[in-house]
Amino acid sequence: MLYKFAFFSYSLGMFVSVAIDPGSEGRGKELADLLGQYGFKRVQRFLWESTTVSADTLNRLKRDMDKATDGFDKLRFFQFPMEGTLVLSSLRDKKWRRMVAVDNEEKKNPPAPAKAPVKKINIRRV
């Protein structure tokens, strides 16, 4: 099963955690197998994580998960990309919802610009 890692881009990866709440045991196994095919590791009973997912791979995974679920299944994706924002995507009742967490404090109070270095001048007394 070494070939399953050949499609991932390791340089532009992000941390993604997927929580699944399947409507049936069979569906849970199907979703777990699908997450395993995409390189996710199981960390708890219905929680999977990966640190090497690219944006394109994540979009394909969401599309495949959407096809594999019905109205009784619930999914929640926690993605922390390199830009510093946390994105929560959830599938409930076959509808996707998305929430982006942005640090507003940083926008309100940007860091002060650095002061210019002071040039020292040697003065000779006569």
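Every read-out reported here was derived from the displayed coordinates using simple, explicitly stated rules and does not represent laboratory data. Because the structure is predicted, anything quoted here is derived from the model rather than measured. Every residue, glycine among them, receives a Cβ derived from its backbone with ideal geometry; neighbour counts consider all protein chains shown.
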For Leu86, other-chain or 5+-apart residues with amide H closer than 5 Å (H placed, Pro excluded) are Ala101
Restricted to region 2-101, the DSSP antiparallel beta bridge percent, nearest 5, is 100
Tell me which GluC sites (Glu not before Pro) from region 14-84 have a DSSP coil assignment and no more than 11 other beta carbons within 10 Å of their own. Glu83
Quick one: net charge of Gly71's neighbours, Cβ under 14 Å, K/R +1, D/E -1? +1
